[in-house]
């Protein structure tokens, strides 16, 4: 049984140890039913599987935790506003697995370097979250990694409008998880947004962050 944890009471060192502990031994989801529809309560995900293709395209994103001396942060991107899909949306760097990729880690690192210029030498993958299905037709594997803060970014303006960092503690504070209703098919479900300053994190990105929060807090395996 997983022990529940009050994340707000943890020191920075304890939070990092917890992340290492919860992600230890995790592997990419084999696609045998453990995935969830991004943003939707895990117990309800199976009800909406029919809204996606039988075989969603495989994709991976990097969940980059920057190891700042002032505390852990998460690096996020704002997609270019001219993009046909999800233009202007807050997201993790990543994309579709290509034939030359050896797996989700390879794809996440390649896409991250292409999109924002973050070189793999600054990135230390430490584990995986459950796969997340997105309505646009993808099965996304979130690759969680620590990032050494000595990096320089070079954004590809065709894909990314900007980047910013959010304190991990802000993202893990349930008080910042704002519930709203969304209609999927003919059903109303509760999803969560996470505001931060001028930004609003929503959709699949917020869903993955909520999954990360639930994993660390011991609210699910």
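So which of 72, 118 ends up being modelled with pLDDT of 95 or more, out of contact with any strand residue (DSSP E or B) (no Cβ under 6 Å at 6 or more places or on another chain) and outside any helix (DSSP H, G or I)?
118
Going by what's in this entry, would residue 207 be described as within 25 Å of residue 136 (Cα to Cα) and either outside any helix (DSSP H, G or I) or more than 17 Å from the chain's Cα centre (by Cα) (or both)?
no
Scan region 1-18 for residues that are free of Cβ contacts under 8 Å to residues at least 40 places away in the same chain, under 18 Å from residue 66 (Cα atoms) and assigned to a helix (DSSP H, G or I) and jot them down.
Within region 1-18, 13, 14, 17 qualify.
Within region 213-221, is even one residue at pLDDT below 90 and either closer than 23 Å to residue 125 by Cβ or over 18 Å from the mean Cα position of the chain (by Cα) (or both)?
Yes, there is a match, as at least one residue in region 213-221 is at pLDDT below 90 and either closer than 23 Å to residue 125 by Cβ or over 18 Å from the mean Cα position of the chain (by Cα) (or both).
Taking interchain pairs and intrachain pairs at least six residues apart, which have beta carbon atoms under 7 angstrom, with the first residue in region 157-172 and touching a residue at least 60 places away in the same chain (Cβ under 8 Å) and the second loosely packed, with under 15 Cβ neighbours inside 10 Å and assigned to a strand (DSSP E or B)?
164/199; 167/71; 169/71
Of all residues in region 144-196 being assigned to a strand (DSSP E or B) and under 22 Å from residue 20 (Cα atoms), which is nearest to the chain's Cα centre (by Cα)?
Going through the qualifying residues, I end up with 144.
The values are calculated or read from the model by the stated rules, or taken from the named source; none is laboratory data. Owing to the predicted nature of the structure, the values given are computational and were not obtained by experimental measurement. Positions of Cβ are generated from backbone atoms using ideal geometry, with glycine treated the same way; all protein chains shown enter the neighbour counts.
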